[in-house]
1. Give region 114-154 a look and list any residue that's of a type in the set (F, W, Y) and within 25 Å of V63 (Cβ to Cβ), or say none.
2. Output yes when any residue across region 98-112 is open to solvent by 40 Å² or more (accessible area, probe 1.4 Å) and among the basic types (K, R), and no when none is.
3. So which of A73, A120, A124 is over 17 Å from the mean Cα position of the chain (by Cα), surrounded by 13 or more Cβ atoms within 10 Å (Cβ to Cβ) and either assigned to a helix (DSSP H, G or I) or of a type in the set (F, W, Y) (or both)?
4. May I ask you to list pairs of residues, at least six apart or on different chains, whose Cβ atoms are under 9 Å apart, with the first in region 7-23 being free of Cβ contacts under 8 Å to residues at least 24 places away in the same chain and the second being open to solvent by 50 Å² or more (accessible area, probe 1.4 Å) and not in a helix (DSSP H, G or I)?
5. Give me a count of the residues in region 127-156 that are outside any helix (DSSP H, G or I) and over 16 Å from the mean Cα position of the chain (by Cα).
6. Name, by its number, the condition in (1) surrounded by 13 or more Cβ atoms within 10 Å (Cβ to Cβ); (2) under 28 Å from S46 (Cα atoms); (3) modelled with pLDDT of 90 or more that does not hold for V87.
7. Kindly check whether there is at least one residue in region 28-51 that is touching a Leu at 6+ places or on another chain (Cβ under 8 Å), modelled with pLDDT under 90 and not small (G, A, S).
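The values are calculated or read from the model by the stated rules, or taken from the named source; none is laboratory data. What you are looking at is a predicted structure, and each value in this text was computed from that prediction instead of being measured. Cβ sites come from the backbone with ideal geometry, for glycine too, and all protein chains shown count toward neighbours. When the accessible area is computed, the model is the full protein with side chains, heavy atoms only, and any ligands, DNA or RNA have been set aside. Shrake-Rupley method; radii C 1.70, N 1.55, O 1.52, S 1.80 Å.
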Amino acid sequence: RNLGVPMRTDEAATLVSYGIADPFVIIGRYGSPNNHMLHSLLLWGSVQLFGMEPWAVRLPALVATLTVVPLIAIAATRTWGTMAGLVAATIWVSMPFTVELGTNARGYSMVIATTLVMIALLPALRRQRPGSGFLFVLVGVIGLVTVPVMAYPLGILYAGLFLGRWGSEGA
């Protein structure tokens with residue numbers, strides 16, 4: 001229902017600045033406040049494929065928000081158990097904020113998704129599974145490139161690792 005609502009100011013600014021820009025412009029303007037780089041690249045692709053309809057502009061955010069549902073279940077299940085995964089996914093789906101994230105052409109749901117992937121990787125890091133550290137860093141970089149605000153969850157997760165909270169001896 002919200003996908004057909006006229007675009008908000010921030011969505012229109014993102015579309016005009018990045019959705020119809022050359023991808024090299026998107027990559028070259030990381031510090032710009034409206035450039036959620038990964039989202040902007042996906043927005044550009046969506047606009048190229050489907051045009052500038054509001055639903056097409058919102059498609060990358062919608063898909064990212066929908067992927068958060070299984071990612072929340074996986075991250076919570078791996079960290080706290082099956083019931084926690086089900087409860088967390090149910091809460092996510094029932095929140096009005098979730099609808100807003102999925103129907104606003106921004107990259108915040110992508111930051112949530114990358115954070116959840118990193119949380120889901122914590123047990124593998126604890127068990128020192130090969131490649132888990134590299135994947136953890138890679139997903140963090142992808143999140144940081146998506147939206148600069150990823151620095152906050154990234155900082156918390158790395159601090160937990162370096163302080164031993166989520167390390168091999170941690171909880």
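1. F136, Y152, listed by residue number.
2. no
3. After ruling out the rest, the residue left standing is A124.
4. A12/P6; S17/R29; A21/R29
5. 5
6. (2)
7. Among the residues of region 28-51, not one is touching a Leu at 6+ places or on another chain (Cβ under 8 Å), modelled with pLDDT under 90 and not small (G, A, S), which makes the answer no.
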